[in-house]
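Coordinate-derived values only; no laboratory data. This structure is a prediction, so every number in the text was calculated from the model and none was measured. Note that each Cβ is placed from the backbone with ideal geometry, even for glycine, and that neighbours are counted across all protein chains shown.
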Amino acid sequence: MATEKSSASRPTSGISTFKGEERALRADRLGTGGLLLSVLAATAPLMVVAGVMPTTFAVMGIVGQPLLFVVLGVVLILFSVGYAEMSRHVHNAGAFYAYISRGLGGTAGAGAALVALVAYNALQVGIYGIFGFEVSGLFATYAHLDLAWWIPALVALAAVGALGWLKIDLNARVLGVLLVIEVILVVIFDVAAIADPARQGLSLHAFNPDTLSGAGVGTALCFCIAAFLGFEQAPVYAEETSRPHVLVPRVMFLAVGGVAVFFAVSCWALTVAAGPSQVVGVAQKESAGMLFSLTDSRLGSTFTDVLHVLFVTGMFAAMLSFHNVVARYTFAMGREGLLPRAFGRTAGASGAPGTGSLLQTAVAAVLVIVFAVADDKPTGDPTAPVLHLFTWFGNIGALGVIVLMAAASVSVIVFFARRGAAAAQAWRLVTSALAAAALLVIAGYTVKDFDVLVGAGPDSALSWVLPGVIGLALVVGLVQGVLLRSRAPEAHARIGLGNEAFQLDKAAQETA
């Protein structure tokens with residue numbers, strides 16, 4: 001992403017509602033609690049503990065997975081230092097692409113915008129696969145009803161789409177209730193595991209750096225960083241908070257710090273419950289059932305049944321959280337001319353980005369239906385929606401967000417350097433540089449080992465086609481930026497300004 005003339009000199013004072021409220025998201029909807037819950041819901045803690053952690057143990061065979069969460073927590077805190085500081089200067093629902101525009105220019109911002117739109121759509125849509133699979137399993141177990149996975153997936157899709165039209169503070173309440181219940185249940189398991197460890201007792205072997213030796217560490221980092229995705233979404237809601245310069249940085253640090261500690265402890269609890277020397281073997285045998293088998297032996301079948309249900313509701317919360325983010329990126333891009341103007345309007349009294357919500361719902365519906373048609377059950381693989389829709393799209397989305405975080409870290413450095421604030425912000429620029437380097441390494445491993453991440457063979461075309469989706473989005477976005485710069489330079493200059501651009505329109509009209 002080549003740098004361009006800095007946008008630091010653009011007017012940034014005030015948020016205008018010029019051209020009507022429909023071009024602005026409603027302020028004062030979220031406080032610290034609502035923003036934190038909206039952000040953390042995307043991390044889907046139960047899905048990570050029951051899905052990501054056993055998969056990483058089984059596929060990579062690395063006992064030190066808890067230590068990886070600590071390492072990633074440090075990397076993402078380094079990233080958050082500069083990112084949070086920039087959030088004090090840029091309040092835009094486009095978040096990543098707005099930040100990248102302010103530092104690296106409008107063309108780079110256009111590329112980042114399309115990458116963000118593709119990545120978050122992929123993350124959101126991918127969850128429908130595992131959601132439908134798990135819900136159909138619950139119906140088979142408790143109602144003895146054979147239900148195709150795509151039926152509950154489409155029902156959830158409609159519910160998410162409906163909630164996307166409502167006020168964000170109402171969404172935050174829904175997400176908050178589901179999140180809190182998930183966290184409580186995982187904490188209960190953690191306590192039970194510590195109180196009743198396997199034969200090796202309360203071993204801290206999983207935090208031994210020696211457990212991270214081997215060729216699979218880089219790929220394991222790719223698995224684990226997906227568990228953190230969501231914390232970076234706080235700036236997306238900046239326009240809907242009363243004090244974005246205070247609340248957004250606060251929530252980001254609370255989110256990434258809390259997620260790192262919570263997942264490190266919970267992952268360690270898994271090793272304690274299974275035994276460090278046995279955890280890999282148990283994960284390979286039990287797969288996604290590992291957590292449930294461990295809770296069943298310690299907390300009983302009733303608790304495990306409740307856990308199964310909350311596993312599903314947690315996925316619903318993550319889908320709703322990512323849906324809200326995609327809708328706001330769509331709104332921001334429509335408002336700035338990167339998508340048709342119709343997407344840059346809000347919906348009636350709720351102030352939600354209604355057209356953006358509709359677009360995301362439509363995209364999700366098309367993709368779920370495509371995978372449903374391609375699913376040749378009962379003769380085919382019944383896990384196809386999980387192995388394909390969830391795994392493929394989840395890793396595409398994760399790669400996109402990692403690339404965006406690396407680019408945003410570079411943008412932070414350029415942004416403050418061009419403002420003449422390099423000396424004053426020196427330590428933040430250093431942390432941003434370290435974060436960018438670490439994130440680029442993780443992105444490199446993600447591309448290199450994509451076949452492992454999606455369970456394809458090393459010679460499979462999927463190993464380059466799937467990550468190529470992000471590359472294609474970047475190229476198309478950059479081309480759009482170049483064309484916009486040559487054909488509509490005024491529109492190009494406003495990329496990343498968000499609602500602040502309307503202040504320019506109003507001033508121009510008043511002086512005409």
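First select every other residue whose beta carbon is under 13 angstrom from the beta carbon of residue 96; then total the charges, Lys and Arg +1, Asp and Glu -1.
+1
Can you give the net charge of the other residues whose Cβ lies under 15 Å from the Cβ of residue 225, counting K and R as +1 and D and E as -1?
-1
Residue separation times 0.36 nm, minus the C-alpha to C-alpha distance between residue 151 and residue 188: what's the value?
10.1 nm
On the Cα set of region 104-228, report Rg and Dmax in Å, please.
For region 104-228, the Cα-based Rg and Dmax read 20.5, 59 Å.
How far is the Cα center of region 105-172 from the Cα center of region 275-294, in Å?
Each part's Cα centre sits 28 Å from the other's.
Rounded to the nearest 0.05, what FRET efficiency do residue 200 and residue 287 give with R0 = 25 Å and r taken as the Cβ-Cβ distance? Could you check?
The value I calculate is 0.65.
With labels modelled as points extended 7 Å from the Cα through the Cβ direction, what inter-label distance (nm, one decimal) is found for residue 250 paired with residue 162?
Reported label-point gap for residue 250 and residue 162 is 3.4 nm.
So what's the projected area for region 352-485, the Cα convex hull averaged over all directions, in nm²?
The directionally averaged projection comes out at 11.9 nm².
Could you order peptides 113-119, 84-90, 369-375 by the average number of other Cβ atoms within 10 Å of their residues, highest first?
Descending mean neighbour count gives 113-119, 84-90, 369-375.
For residue 342 and residue 261, calculate 0.36 nm times their separation in residues minus their Cα-Cα distance, and state this gained length in nm to one decimal.
Working it through step by step, the gained length comes to 24.9 nm.
With the Cα gyration tensor of region 234-280 in hand, convert its eigenvalues to equivalent ellipsoid semi-axes via √(5λ) and list them largest first in whole Å.
Its equivalent ellipsoid spans semi-axes of 37, 8, 6 Å.
Note down the net charge around residue 277, summing +1 for each Lys or Arg and -1 for each Asp or Glu among other residues with Cβ under 15 Å from its Cβ.
Within the 15 Å Cβ shell, the charges total +1.
Could you check the simple spin-label distance between residue 464 and residue 243, using points 7 Å along Cα→Cβ, in nm with one decimal?
The two pseudo-label positions are separated by 5.3 nm.
With N set to the number of residues, divide the alpha-carbon radius of gyration of region 154-300 by 2.2 N^0.38 Å and report two decimals.
1.28
Could you give each residue of region 368-374 its phi-based ³J(HN,Hα) in whole Hz, using Karplus coefficients 6.51, -1.76, 1.60 with θ = phi - 60°, and x for Gly or Pro?
Along region 368-374, the couplings run 4, 5, 4, 5, 5, 5, 6 Hz.
Calculate log10 I(q)/I(0) of region 51-115 for q = 0.16, 0.24 Å⁻¹, where I(q) comes from the Debye formula with a single equal point scatterer on each Cα and nothing for solvent.
-0.70, -0.92
Taking 0.36 nm per intervening residue step and subtracting the Cα-Cα distance, what contour gain separates residue 374 from residue 476 on full extension?
33.9 nm
For region 202-252 and region 458-477, what is the centre-to-centre distance using only Cα atoms, to the nearest Å?
24 Å
Using a basic spin-label model with each label point 7 Å from the Cα along Cα→Cβ, how many nm lie between residue 426 and residue 213?
For the pair residue 426/residue 213, the computed spacing is 3.9 nm.
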